Amino acid sequence: MRRKIVAGNWKMNTTPAEGVELLKGVAALKSTAPSDVELIVGVPFTHLCGVKDAAAAAGIAVSAQNCADHESGAYTGEVSAKMIASLGAKYVILGHSERREYYGETSETLNKKMALAYANGLAPIYCVGEKLDEREAGKHFDVVRAQIEEVVFQLTPEQFGSLVIAYEPVWAIGTGKTATAEQAQEIHAFIRGVLAEKFGAAAADKTPILYGGSCKPSNAAEIFSKADVDGGLIGGASLVADDFIAIAKAF
Ligand code: PEP
């Protein structure tokens, strides 16, 4: 049995105080969700300290949404993997399409971030996914394969063992358009096959692959019912505690 995960990506939303309230709302409802679903909240850096204790008490894991590509030093405005880990986070989202698109993140940058995440005990949630024109041109398999080969294939088998992958078609993020459950299953199975080429079928079979892109209470059950979909990376709907928990209940 693979791990089931529902991870929220709060993006650049909520003040730290509002974030603590949101976390408390999720914590209060957590017992209504299946106990075998791991809940993760991906919070802004400024919230890590504030949500730490309440999240730990509730058994909710905390993730950052990015980390620096350097260990420490004169990198004004950056936040290191070590700083994030020291505030109790267990995960870091890396390679989100918004970071690739607006902040020019490349596979080269991401390889450095992945290495630093692992060196500091953080498990990456590595995002892949194609843009609309790439899907329309039938290139989505090639795009996703390249995003995996250039970054995930650089990991050691041990590092790979704690990796979480999120497939997020860019055309579905924040647009209200969701991939159909069949589209999600098709590419999740493809991703698992690519992972198996490098790390073997047994290791690939253990890797959680999450779907992200306008996932909400009304469509989560159908998407999560697919064999290779192990949960979701949730943006907008993770900002409402009831919706986030309703998605976790969709398993
Ligand atoms: C995301 O950005 O990770 C995401 C899935 O966003 P949304 O759910 O809002 O589409």
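No value in this document is a laboratory result; all are computed from the given coordinates. Everything quoted here is computed from the prediction, not taken from an experiment. Note that each Cβ is placed from the backbone with ideal geometry, even for glycine, and that neighbours are counted across all protein chains shown.
Data overview
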quantity	calculated
Sorted peptide list for 180-188, 232-240, 96-104, criterion being average Cβ within 10 angstrom, highest first	232-240, 180-188, 96-104
Distance violations [Cα-Cα > 19 Å] among Lys139/Lys216; Lys4/Lys139; Lys4/Lys90; Lys82/Lys206; Lys206/Lys249	Lys139/Lys216; Lys4/Lys139; Lys82/Lys206; Lys206/Lys249
When region 203-251 is reduced to its Cα atoms, the Kirkwood hydrodynamic radius in Å	10.9
Fraction of alpha-carbon pairs over 22 Å apart in region 132-247 - percent	33
Neighbour-count ranking [beta-carbon atoms within 10 angstrom, fewest first] of Ile247, Ile60	Ile60, Ile247
Semi-axes of the equivalent ellipsoid for the chain, Cα gyration tensor, largest first, Å	25, 23, 17
Cα-based convex hull volume of region 22-88 per residue, rounded to whole Å³	84
Cut-off 9 Å between beta-carbons: net charge of the residues surrounding Ala58, Lys and Arg +1, Asp and Glu -1	+2
Filter on Lys52/Lys131; Lys11/Lys198; Lys30/Lys52 - keep pairs with C-alpha separation over 26 Å	Lys52/Lys131; Lys11/Lys198
At q = 0.09, 0.10, 0.11, 0.20 Å⁻¹, base-10 log of I(q)/I(0) for region 52-194 (Debye sum, equal scatterers on each alpha carbon)	-0.29, -0.36, -0.44, -1.25
Mean-position separation - Cα centroids, region 107-171 and region 186-251, in angstrom	15
Expected 222 nm ellipticity per residue - DSSP helices of 4 or more, -39500 (n - 2.57), all of the chain, to 500	-13000 deg cm²/dmol
